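These notes are about the structure you will find just below.
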Amino acid sequence: MALNQKIKKIAVGLGLVLLAILIGSGAGIYSIKSGKSDSQRIIGNWQTVDKDKDLSTADLLTIAQIAVYRPYALTKKEVIYLSTNTDSDGNALDPKSDYVISGKKLDAKYWSITAYDENGFLIKNPINKYSYNLENVKYQADSTSYKINLSGTEKKENWLPTNNIKKTGLIIRLYLPSEKLRENLTIEELPSIQKVK
Amino acid sequence: MAAIKPIIKKGIFALVLVIIAVSFYYLTIWITPYYVQSKFAEKSLGYVNTPRFGDQPNAENSRVIPLPNPDFLYSTINYDLKDNVLKISGIVPDSTYWSISAYQENTTNYFVENEEQVKSKFEYYLAEEGSKSEVLKNIPKEKIIYSPTTKGLILFRYLVSKAYPVKQLSGLQHGVSVVKLVK
């Protein structure tokens with residue numbers, strides 16, 4: 001075989017190896033970015049870690065996704081995290097629209113609902129309000145249910161602002177949830193998100 | 001036979017390429033958490049084995065680690081146990097959520113205790129898994145946190161509440177001390 005042909009063959013071989021590396025790494029990054037993993041559980045429009053799994057024993061992909069998008073999360077024994085970026089009809093939350101988040105007190109030592117921007121950071125707003133929790137949300141007459149106004153325009157009460165952002169995401173945190181809630185975490189227990197404007 | 005040999009060679013080479021691609025897929029996923037932790041640790045350069053006390057997160061001051069909880073005061077200890085065992089102590093608030101949690105080098109949580117489990121004061125000794133350090137002798141087991149990796153992060157969460165407004169919690173937060181004990 002001529003020397004030139006040999007060099008050409010080696011170059012093609014090395015090129016294919018490099019391509020395999022790029023494809024493998026690219027697929028890994030794509031999987032992390034997709035947000036989908038085997039440890040995921042979907043409850044209506046809310047996502048959480050599967051009932052029988054936990055962050056400490058999750059698969060490699062889940063660990064990587066949490067490290068990138070939700071670093072330093074706690075295990076389910078301590079906290080249940082639920083996230084969404086859609087309303088209850090499954091449509092992406094539009095920061096320019098108005099939504100009402102309707103729910104009831106959750107059976108946990110501490111719970112909160114927080115709004116984040118497209119990068120997972122708190123949203124700059126005129127009232128410096130980023131979340132509502134069991135203590136500071138204004139309840140309805142029954143002292144159990146609440147309505148939070150997720151909106152870019154000012155609301156009279158329970159206003160969770162979404163000013164000047166491209167995308168909105170919500171996180172519910174349930175710290176030290178009761179065993180009953182842990183076992184029966186269904187869509188009926190979780191707040192609904194309805195678009196009103 | 002001579003005609004089949006190049007086909008077998010190409011087949012083996014294709015298989016090697018698939019193995020390389022799959023290996024790099026898992027390598028990327030495996031290494032990403034370590035990369036994330038090293039990037040966050042870079043922000044704490046010069047503060048290894050030293051507590052850092054954060055203000056209540058808001059839209060201006062919390063732009064590094066995603067999904068901060070605006071109801072919490074956070075404190076961190078970016079640790080390296082290569083040469084030290086760390087003695088970490090402080091005061092626990094009695095009627096608001098508090099926790100101490102430990103994360104290994106791939107950011108996975110391996111230890112957490114809260115104010116329902118620890119009353120009034122806490123004292124922990126943070127050591128590498130398998131450490132036979134003399135300083136750990138006579139220390140009750142429940143006070144020792146064994147880290148699966150040499151480096152990692154300790155994170156304190158203090159819930160701002162009606163019972164514990166920021167000012168009061170901040171006093172407790174800044175009361176945490178870290179003593180480096182030589183192995």
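The values are calculated or read from the model by the stated rules, or taken from the named source; none is laboratory data. Predicted model only: the values in this text are computed from it and were never measured. All Cβ positions, glycine included, derive from the backbone under ideal geometry; neighbour counts span all protein chains shown.
A few remarks follow.
- In segment A:112-138, of all residues being without any contact (Cβ under 8 Å) to a residue 24 or more places away in the chain and surrounded by fewer than 16 Cβ atoms within 10 Å (Cβ to Cβ), the one that is farthest from the other protein chains (Cβ to nearest Cβ) corresponds to A:K138.
- Top-ranked residue of segment B:148-167 - restricted to ones that are surrounded by 15 or more Cβ atoms within 10 Å (Cβ to Cβ) and farther than 23 Å from B:N106 by Cα, ranked as nearest to the chain's Cα centre (by Cα): B:Y158
- Hey, B:I65 in a loop (DSSP other than H, G, I, E, B) and within 27 Å of A:S131 (Cα to Cα) or not: yes
- Meeting the requirement of 2 or more residues that are over 16 Å from the mean Cα position of the chain (by Cα), the strands (runs of 3 or more DSSP E) wholly within segment A:55-138 are A:99-104, A:108-116, A:131-133.
- B:D94 satisfies every condition listed in (1) of a type in the set (D, E, K, R); (2) part of a loop (DSSP other than H, G, I, E, B); (3) closer than 21 Å to A:V68 by Cα except (3).
- Positions within segment B:150-165 being part of a loop (DSSP other than H, G, I, E, B) and in contact with a helix residue (DSSP H, G or I) (Cβ under 9 Å, 6 or more places away or on another chain), in sequence order: B:V160, B:S161, B:Y164
- Residue match in segment A:85-100 (condition: crowded, with 21+ Cβ neighbours inside 10 Å, β-branched (V, I, T) and touching a residue at least 24 places away in the same chain (Cβ under 8 Å)): no
- Here segment A:53-73 is the region considered, the condition is being among the hydroxyl-bearing types (S, T, Y) and out of contact with any Leu (no Cβ under 7 Å at 6 or more places or on another chain), and the residue that is surrounded by the most Cβ atoms within 10 Å (Cβ to Cβ) is A:T62.
- With respect to being away from chain B (no Cβ under 14 Å) and assigned to a helix (DSSP H, G or I), A:K156 falls outside the description.
- Top-ranked residue of segment B:51-90 - restricted to ones that are hydroxyl-bearing (S, T, Y) and closer than 22 Å to B:E134 by Cα, ranked as farthest from the other protein chains (Cβ to nearest Cβ): B:S89
- Residue within segment B:46-58 that is in the same structural domain as B:Q168 (by TED's automatic domain parsing), more than 23 Å from B:S177 (Cα to Cα) and either part of a loop (DSSP other than H, G, I, E, B) or out of contact with any helix residue (DSSP H, G or I) (no Cβ under 6 Å at 6 or more places or on another chain) (or both) present: yes
- Residues that are of a type in the set (G, A, S) and free of Cβ contacts under 8 Å to residues at least 60 places away in the same chain were ranked within segment B:27-73; the one that is nearest to B:H174 (Cα to Cα) is B:G54.
- Odd one out for B:W98, checked against (1) surrounded by 18 or more Cβ atoms within 10 Å (Cβ to Cβ); (2) more than 11 Å from chain A (Cβ to nearest Cβ): (2)
- Test result for B:S89, surrounded by fewer than 18 Cβ atoms within 10 Å (Cβ to Cβ) and in a loop (DSSP other than H, G, I, E, B): no
- Residue check, A:L185 under 26 Å from B:N114 (Cβ atoms) and not β-branched (V, I, T): yes
- Pairs, first assigned to a loop (DSSP other than H, G, I, E, B) in segment B:119-142, second of a type in the set (S, T, N, Q) and at pLDDT 95 or above, C-beta under 8 Å, six or more apart: B:E129/B:S147
- Residues that are within 12 Å of chain B (Cβ to nearest Cβ) and either surrounded by 17 or more Cβ atoms within 10 Å (Cβ to Cβ) or more than 17 Å from the chain's Cα centre (by Cα) (or both), drawn from segment A:31-48: A:S31, A:I32, A:S37
- Test: B:I12 is surrounded by 20 or more Cβ atoms within 10 Å (Cβ to Cβ) and either part of a helix (DSSP H, G or I) or more than 9 Å from chain A (Cβ to nearest Cβ) (or both): no
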